[in-house]
Amino acid sequence: MLGQLETPVMAQDDSETLSENVFRRIQAAIVQGDIAPGSKISEPELARTYGISRGPLREAIHRLEGQRLLVRVPHVGARVVSLSHAELLELYEIRESLEGMACRLAAERMTLEEIDELRRVLETHERDAAFQAGVGYYQQEGDFDFHYRIIQGSGNRTLTQMLCGELYQLVRMYRIQFSTTPNRPRQAFAEHHRILDAIADRDGELAELLMRRHIGASKRNIARHFQDSAATERGES
């Protein structure tokens, strides 16, 4: 499970720094799929892999549970989250509603400078061949993530905490997992431009509608993925 991660964390005096380091590395491994959904987390194995004591490791694991990337199973221990079809669609229903609201608020509250910066983010993405191919599009986070910027621009701290804190890495995990859908990155770029234009025009109602449609399209792609997988398991063509 962890063969590709076997680079010990550099020893430092501050155990909190050690915990932060290993937290970020395990988080990235889970989100990018290097540690597969459903995998059991072995504290002794992780401690050996990263060359740290169990204290900082347990702190990192606790934080990952808070981000819903790890779940605690009675009599088993921690496992990487693996959402069912129904749970994943529920997550996207939450996104559809809350990010739509964030988009409406962003149209009302983002400064001209913030809107210009958001446009530059899109332009940077479009110049990158990896983004156009869909390789890097879903892997961006923080200020390089179009959705993250809009949520921050909503100016609503509670909304930001929910979408950029508690749920953010879980959403990224599944965005990356379903990033191989043909033509979806190209369609998403066009949708992003229409959303940005609505924000720039201060049309909050349209911005919210477009964001809801944008996330709804991703939700439908996920539903089709599960349907295709089920058909394959049944041996249907």
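The values are calculated or read from the model by the stated rules, or taken from the named source; none is laboratory data. Please read these numbers as outputs of a predicted model, since none were measured by experiment. All Cβ positions, glycine included, derive from the backbone under ideal geometry; neighbour counts span all protein chains shown.
Taking the options Glu96, Glu65, name whichever one is out of contact with any Asp or Glu (no Cβ under 7 Å at 6 or more places or on another chain) and either among the hydrophobic types (A, V, I, L, M, F, W, C) or within 30 Å of Arg213 (Cβ to Cβ) (or both). Break it down into steps so the answer makes sense when it comes.
Details: Glu65 fails: either among the hydrophobic types (A, V, I, L, M, F, W, C) or within 30 Å of Arg213 (Cβ to Cβ) (or both).
It is Glu96.
Those residues that are surrounded by 14 or more Cβ atoms within 10 Å (Cβ to Cβ) and on the phi < 0 side of the Ramachandran plot, I need them from the range 66-84; list them, please.
Scanning the range 66-84 gives Gln67, Leu69, Leu70, Val71, Ala78, Arg79, Val80, Val81, Leu83.
Please indicate, with yes or no, whether at least one residue in the range 140-157 is at pLDDT 90 or above, in a helix (DSSP H, G or I) and surrounded by fewer than 17 Cβ atoms within 10 Å (Cβ to Cβ).
Let us first name the residues in the range 140-157 that are at pLDDT 90 or above, namely 146-157.
Keeping just the survivors that are in a helix (DSSP H, G or I) gives 146-153, 157.
Next, from what is left, pick out any that are surrounded by fewer than 17 Cβ atoms within 10 Å (Cβ to Cβ): 157.
Yes, the range 140-157 has at least one match.
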